[in-house]
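Notes to accompany the following structure.
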Amino acid sequence: MRVVIGTLGLASPGGTETYCLTVARELDRLGHDVTLFADQLGPFAEWAREAGFDIAGGLGDLPATCDVVLANDAVTAGLLAERYPETRLVFCIHTTIFEVQAPPLAPGLVNAIVASSERFAAFARAFALDVPVVRLSQPIDTEYFALSVPPREIPRRALLLGNYLDGRRRDALVETWTARGVECVQVGLDNLVFDVRAAIADADIVVGRGRAAMEGMACGKAVYVFDAGGGDGWVTMDAFEAIEADNFAGMATDMPVDRQRLAADLDRYDSDMGWINRELVVTHHNVRTHAQRLVEVLRGPAPERREPTSSSSAAARTVRFAWRAQMRAMNIEREVAEMHRRLHASEVETLLARAERDAALAERDAARKLLESRRVRAGLVVGRYLDRARGRR
C-alpha cells in the first residue's frame with residue numbers, strides 16, 4: 001500500500017509525533033510505501049529525515065495518489081481529504097484534551113477511527129459519526145527501545161520525561177525525592193532531546209505519562225506515572241490494566257498524589273519493576289502486533305468519492321487558527337505561572353533577606369546591651385573599689 005500519514009507538526013518531539021514515526025517505520029518494514037506529511041515542520045522533521053523517513057514539506061511534495069490516509073489531527077485530515085478525494089481516510093485519536101486532535105465531523109470525511117486506549121475509544125464513540133472505532137494498543141518499538149542498564153537496587157536518578165510537568169507539581173516531586181537521595185533530571189519542555197534512549201539508560205526511574213512512560217518500560221526501568229494532569233504512581237502488574245486503559249495519563253484512579261504519597265511511593269520502589277515492565281510492553285504494546293492490526297483497518301473498503309469542494313481545506317484552516325490561538329493561550333498561561341513563581345521566589349528571598357537583616361540588627365542590639373551592662377557592672381566594681389580605697393585614707 002501507499003500510505004500517507006498526516007500529523008499537525010513535526011517541529012518538536014511529542015506523543016503524537018513519536019507515534020507517527022513508530023508506525024511509519026514498522027509499515028516500511030512490512031513493505032508499504034509511507035510518506036509523512038506535517039502542517040508544521042521544524043528541527044524534529046530534519047532529524048527524522050536524516051534517520052531515513054520520507055517527509056513531505058508541503059502538499060505539492062505528496063505523491064499524486066495513495067491508497068490510504070492515516071490522519072492524526074483535524075487539520076491534516078481536512079487537507080489530505082481534499083488532496084485525495086477518493087481515498088480511504090482513517091483517523092487516529094491521541095487525546096481527549098485538544099480540539100485540534102478530535103476527528104472532523106463532516107459526513108463522509110472519516111471512514112474509521114483508531115483509538116489506543118479505552119478512554120480514547122469511549123471518547124471516539126461519543127462523536128456524531130457513524131464509523132467503526134477500532135481499539136488498538138499504543139505501539140512501542142521494543143527493538144529501538146531495547147533493554148538497557150537495569151535500575152539500581154537503591155534508586156539514585158529519576159528522569160522526568162515529557163513536555164508538560166512543571167510548576168509546583170514538578171517542584172513537589174523533585175524536592176521530595178531529592179531530599180531522599182534521588183537526583184531528578186528533566187527531558188522535554190525546555191530541554192528537548194530527539195533520541196531519549198541515552199537519558200533513559202542513565203536513570204533508575206522514568207517519571208512520565210503516555211508514550212514516555214511506555215518507552216521507559218520498554219527499556220526496563222521502574223516507571224512512575226505522574227504528570228501535569230494527574231498521577232497513578234508505580235506501574236505494576238496489578239495496576240497495569242487500569243493504567244493502560246487510561247493511556248498512562250495519570251487519571252486511572254481518583255487518589256491524588258501529594259508530597260506524603262510521593263515519599264511513601266519512593267519507599268515502595270523495587271528494582272524488579274524494571275524487567276517486569278519490559279515484559280508487559282513486549283506482550284501488550286509490541287509495534288508489530290499494532291501494525292498488523294492497523295493494516296487490516298487501513299485496507300478497509302474504499303469510500304464513495306468526496307465531492308470536490310473547498311470546505312475540507314477551509315475547515316482545516318479554521319481548526320489550524322483555533323489551534324494556534326489555543327497554543328498561544330497555553331503559552332501565556334505558562335508564562336504567567338512562571339512569572340508568579342519567580343515573583344513568589346523573589347518575595348521569599350526578600351523576606352529571608354529581611355529576616356536575616358532583622359536578626360543581625362537584633363544580635364547587634366543584644367551585643368550592645370550586653371556590652372553596656374558589662375560596662376555598668378565593671379564601673380560599679382571599680383567605683384566600690386575606689387570608695388574602699390578612699391575610706392582607708
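Laboratory data are not the source of any read-out in this text; all were calculated from the coordinates shown. Bear in mind the structure is a predicted one, so any value in this text is a computation, not a measurement. Cβ sites come from the backbone with ideal geometry, for glycine too, and all protein chains shown count toward neighbours.
Along Cα→Cβ, 7 Å out, is where each label goes; now give me the distance between the ones at GLU50 and GLU118 in nm to one decimal.
4.3
At a Förster radius of 25 Å, what calculated FRET efficiency corresponds to the Cβ-Cβ distance of ARG156 and ASP190, to the nearest 0.05?
Numbers: r = 24 Å, r/R0 = 0.96.
E between ARG156 and ASP190, to the nearest 0.05, is 0.55.
Scaled to the compact-protein estimate 2.2 N^0.38 Å, what is the alpha-carbon radius of gyration of segment 154-235, rounded to two decimal places? Intermediate results must be reported in sequence, preceding the final value.
On the way: Rg = 11.3 Å, N = 82, 2.2 N^0.38 = 11.7 Å.
Against the empirical 2.2 N^0.38 Å value, I get 0.96 for segment 154-235.
Quick check: pseudo-label points 7 Å beyond the Cα along Cα→Cβ at ALA242 and ALA64, how many nm apart are they?
Placing both labels 7 Å beyond Cα along the Cβ direction yields 5.7 nm.
Could you give the dipole magnitude of segment 36-167 about its Cα centre, charging the beta-carbon of Lys and Arg +1 and that of Asp and Glu -1, in debye to the nearest 20?
Working: 9 positive and 16 negative charges, 103 e Å.
Using Cβ point charges on Lys, Arg, Asp and Glu, segment 36-167 gives about 500 debye.
With a cut-off of 19 Å, note down the residues of segment 236-262 whose backbone N falls inside the zone around a label point 7 Å from the Cα of ARG180 toward its beta carbon.
236-237, 239, 255-262
Listed highest first by mean packing, meaning other Cβ atoms within 10 Å per residue, what order do 241-251, 123-133 come in?
Working: 241-251: 20.5, 123-133: 15.4.
Order by mean packing, descending: 241-251, 123-133.
Quickly rank 183-193, 268-278 as a protection proxy: mean count of other C-beta atoms within 10 Å, highest first. Before the final figure, lay out each step's value.
On the way: 183-193: 15.2, 268-278: 17.9.
Packing order, densest peptide first, comes out as 268-278, 183-193.
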